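For reference, the structure discussed in these notes is given below.
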């Protein structure tokens, strides 16, 4: 009898421990107050628009509001530093460019205030923005083959803007130079907006632009689309060739994902990954993202985002070394 009671007591204790463990885990992923979503950009633009779509669409179903905080500057690191230094309690997330996570630790001259490898962790990919090579109407360039012929015959006669040393637009422009074996004048801007203004004003010839930000200008004739920086045609520009048709394997897009403080527990990472994948795949969200905002949804397992960062580090690391790119 004593042995039987001991066995029963042991079983009840084990069951109680299991229930307590589940309860502790449930409490660990219970939202108790508002969630901060850090957008490392100024209000307006693609990243901010997606952040607000997530906040407005997802907050009500979570029972707690999601508040978008714009923390711009420092090549995205003003905002990313806020995420890294936040309490790892599941209530602070940030949107981060995949290319920044990949290149900041290896870009010569780059001294970020945090180490994204050790102070941030990936949660889920969100979206990819196609890049399109656009030319000003003051130029003779109407397609990529013609541009490359002109550039090869006239080294240094073509100028191309980018949104800052080490940014995606800079890396893609440098990759085009290296793989096409051409020499262009690289013109650095503080962001994409002044580069596009100068392109339409005739002060710079080319720019690799985010598709959502230039599609209207392309359609109304204020600039020309020469090629999409992808291996497959873009359905919003069906008559525009891809760079890969001239340079096989060439691709370049601006990808973004959600990051969290490195010490945020795995239970929270799993919760936010699952929650955001489900949200991004809602029919109404997918419809708006793809058809209205012209973005590609990339939400999937956390490991997929981690692999994308690793792959970008290899791809852009090669470009950085060969082109001698520095952040300063």
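The values are calculated or read from the model by the stated rules, or taken from the named source; none is laboratory data. None of the values given here were measured: they were computed from a predicted structure. A quick note on method: Cβ atoms are made from the backbone with ideal geometry, for glycine too, and the neighbour counts reach across all protein chains shown.
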So, in the stretch 187-205, how many residues would count as being under 22 Å from residue 155 (Cα atoms) and either at pLDDT 95 or above or in a helix (DSSP H, G or I) (or both)? 8
Residue 259: passes all of (1) assigned by TED's automatic domain parsing to the domain that holds residue 136; (2) surrounded by 15 or more Cβ atoms within 10 Å (Cβ to Cβ); (3) in contact with a strand residue (DSSP E or B) (Cβ under 7 Å, 6 or more places away or on another chain); (4) outside any helix (DSSP H, G or I) but (1)
Being surrounded by fewer than 17 Cβ atoms within 10 Å (Cβ to Cβ), within 30 Å of residue 287 (Cα to Cα) and not assigned by TED's automatic domain parsing to the domain that holds residue 297 is true for just one of 188, 193, 225. Which residue is that? 193
Matching residues in the stretch 72-90 - criterion: being at pLDDT 95 or above and either buried (at least 21 other Cβ atoms within 10 Å of the Cβ) or in contact with a helix residue (DSSP H, G or I) (Cβ under 9 Å, 6 or more places away or on another chain) (or both): 79, 80, 81, 83, 84, 85, 88, 89, 90
Among the residues in the stretch 212-219, are any modelled with pLDDT of 95 or more and over 24 Å from residue 187 (Cβ atoms)? yes
Kindly provide the set of residues from the stretch 35-60 that are in a helix (DSSP H, G or I) and free of Cβ contacts under 8 Å to residues at least 12 places away in the same chain, ordered by number. 56, 60
Any chance residue 224 is touching a residue at least 24 places away in the same chain (Cβ under 8 Å) and within 17 Å of residue 320 (Cα to Cα): no
Filter the stretch 140-156 for residues that are in contact with a strand residue (DSSP E or B) (Cβ under 8 Å, 6 or more places away or on another chain) and part of a loop (DSSP other than H, G, I, E, B); the one that is surrounded by the fewest Cβ atoms within 10 Å (Cβ to Cβ) is 156
Among 136, 146, which is assigned by TED's automatic domain parsing to the domain that holds residue 221 and either at positive phi or in contact with a helix residue (DSSP H, G or I) (Cβ under 6 Å, 6 or more places away or on another chain) (or both)? 136
Applying the selection to the stretch 211-226, what residues are part of a loop (DSSP other than H, G, I, E, B) and more than 14 Å from residue 197 (Cα to Cα)? 220, 221
Residue hits (the stretch 237-246; surrounded by 18 or more Cβ atoms within 10 Å (Cβ to Cβ) and in contact (Cβ under 8 Å) with a residue 40 or more places away in the chain) are 237, 240, 243
Could we say that residue 230 is assigned to a loop (DSSP other than H, G, I, E, B), touching a strand residue (DSSP E or B) at 6+ places or on another chain (Cβ under 7 Å), in contact (Cβ under 8 Å) with a residue 24 or more places away in the chain and not assigned by TED's automatic domain parsing to the domain that holds residue 48 here? yes
Give the stretch 238-250 a look and list any residue that's under 27 Å from residue 183 (Cβ atoms) and not in a strand (DSSP E or B), or say none. 240, 241, 243, 244, 245, 246, 247, 248, 249, 250
Please go through (1) under 19 Å from residue 305 (Cα atoms); (2) in a helix (DSSP H, G or I) for residue 126 and return the number of the only condition it doesn't satisfy. (2)
Answer yes or no as to whether residue 145 is closer than 19 Å to residue 251 by Cβ and modelled with pLDDT under 95. no
